[in-house]
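Some notes on the structure that comes next.
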Amino acid sequence: MRQNSRMTDYYIGLMSGTSLDGADGVLVDFSDDTLRVVATATEPFAESFRAELLALNSLTHNELHRAALAGTQLAAIYARVVSTLRDQAATRGLSAAPIQAIGAHGQTVRHQPQRTSAEAAGAGYTLQLNNPALLAELTGIDVVADFRSRDVAAGGQGAPLVPAFHRSIFGRTDSAVAVLNLGGISNLSVLPPNAEAPVLGFDCGPGNALMDAWCQQHTGRPFDAGGAWAASGKLLPGLLASLLDEPYFSAPPPKSTGRDLFSLAWLAEKLQGFAAERPEDIQNTLAEFTASACIAGVTSYGKDSKELIVCGGGAFNQFLMQRLQAGLPSLRVSTSDKHGLPPMQVEAAAFAWLARQTIRRQPGNLASVTGAAGPRVLGAVYPA
């Protein structure tokens, strides 16, 4: 905020998602209950760190020690993103008004919200690597972290948490809107025009995770830029049917998922019998798989929507966007930048918003989305 009488309300949001490509950050001014992105920053993960996070997503020896070290390394990466955001703000002539808090989601390595274990008193759990105490120490700013656990404790899925933010930013009063986040996992928010009507949201299934992994394995590139490699292949209907033959897709919301289910091991099992197929044909089918799961979610639960707003890295996959539009001919499929917030800023901005909700002791979850017993103030605060 420039030096004037207008009160500033600065928050930083940090996000590192299932795609494991890096840490994104935004500095947001919420003055006058509006949202203005002041600065943005991204720091990619080193390949060695990405490999460590992938290893921690499966059962490995001495994983507690490795998880602690990874959390500390992630806090250092987050701190560098925060420093870049502050430097950007300073070069733009913004005032030195204090940042109220940082919302740091952390890196999800386990997500098991279902209550199935008698030994654990029937409690589900979710685990995000982070070291918020160190982040507060390194930045000198209050840090809000561990957003999902409170919702899980209240019987919810703990995810997705972004639908409440989507409603505040993308909701309309004249028509229903669907918002699709295409990160490593895809999640859908259905926003009714009536502010009193419940918002619906859930994870559709894989987003970019399986496509990225297959591309990395066969081309050495971290992702399929623009979906060009997938577009060069052809659909394998038998493989697509096998991929879609997963009980998760027929389960009703509330539901959430992650790499715990849709892992490389899951994909390897599904690929049995397709070893002779061309890699680009499998990539094409994986893209169609992601699109099909998202289209099914929209047609089942967001059929009254007039528009599908897409955010996350998948918004840049032109082939995937084309498949979404082809499968949803009655909706206009657009990217979130057409609505004021670029696709790669949405999730980080959501965690700035969630941190603000926590500091104000206001709920951050939607029970209609997660299935929690009711609205809850999310997160734990680590004072600077």
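The values are calculated or read from the model by the stated rules, or taken from the named source; none is laboratory data. Keep in mind the model is a prediction, meaning the values are calculated, not measured. FYI the Cβ positions are ideal-geometry reconstructions off the backbone, even for glycines, and counts take in every protein chain you see.
Quick look at the numbers
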{"quantity": "Tabulated pairs, the stretch 89-113, first within 12 Å of Arg148 (Cα to Cα), second assigned to a loop (DSSP other than H, G, I, E, B) and of a type in the set (D, E, K, R), C-beta under 7 angstrom, 6+ apart or interchain", "calculated": "Arg110/Asp260; His111/Asp260; Gln112/Asp260"}
{"quantity": "Candidates Val346, Val377 - the one that is within 20 Å of Ser186 (Cβ to Cβ) and either surrounded by fewer than 20 Cβ atoms within 10 Å (Cβ to Cβ) or in contact (Cβ under 8 Å) with a residue 60 or more places away in the chain (or both)", "calculated": "Val346"}
{"quantity": "Residue match in the stretch 3-15 (condition: aliphatic (A, V, I, L, M), at pLDDT below 95 and surrounded by 15 or more Cβ atoms within 10 Å (Cβ to Cβ))", "calculated": "yes"}
{"quantity": "Every residue from the stretch 260-281 that is out of contact with any Leu (no Cβ under 7 Å at 6 or more places or on another chain), within 21 Å of Phe223 (Cα to Cα) and assigned to a helix (DSSP H, G or I)", "calculated": "Leu264, Ala265, Trp266, Ala268, Pro279, Glu280"}
{"quantity": "Any pair with Cβ under 8 angstrom, 6 or more apart, that starts in the stretch 223-236 at a residue that is over 18 Å from Glu277 (Cα atoms) and ends at one that is among the hydroxyl-bearing types (Ser, Thr, Tyr) and surrounded by 20 or more Cβ atoms within 10 Å (Cβ to Cβ)", "calculated": "Phe223/Ser19"}
{"quantity": "Selected residue (criterion: farthest from Asp29 (Cα to Cα)) from residues of the stretch 314-342 that are part of a helix (DSSP H, G or I) and either at pLDDT below 95 or among the hydrophobic types (A, V, I, L, M, F, W, C) (or both)", "calculated": "Ala326"}
{"quantity": "Residues that are of a type in the set (D, E, K, R), within 27 Å of Ala213 (Cα to Cα), free of Cβ contacts under 8 Å to residues at least 60 places away in the same chain and in a strand (DSSP E or B), drawn from the stretch 21-65", "calculated": "Glu43"}
{"quantity": "Exclusive hit being modelled with pLDDT of 95 or more and either among the aliphatic types (A, V, I, L, M) or surrounded by 14 or more Cβ atoms within 10 Å (Cβ to Cβ) (or both), set Ala51, Ala89, Ala97, Ala101", "calculated": "Ala101"}
{"quantity": "Condition met for Ala225 (surrounded by 18 or more Cβ atoms within 10 Å (Cβ to Cβ) and farther than 30 Å from Gly371 by Cα)", "calculated": "no"}
{"quantity": "Qualifying residue in the stretch 287-308 (condition: of a type in the set (D, E, K, R), in contact (Cβ under 8 Å) with a residue 40 or more places away in the chain and not in a loop (DSSP other than H, G, I, E, B))", "calculated": "yes"}
{"quantity": "One residue from Ala154, Ala195, Ala176 being free of Cβ contacts under 8 Å to residues at least 60 places away in the same chain, farther than 25 Å from Ala76 by Cα and surrounded by fewer than 20 Cβ atoms within 10 Å (Cβ to Cβ)", "calculated": "Ala195"}
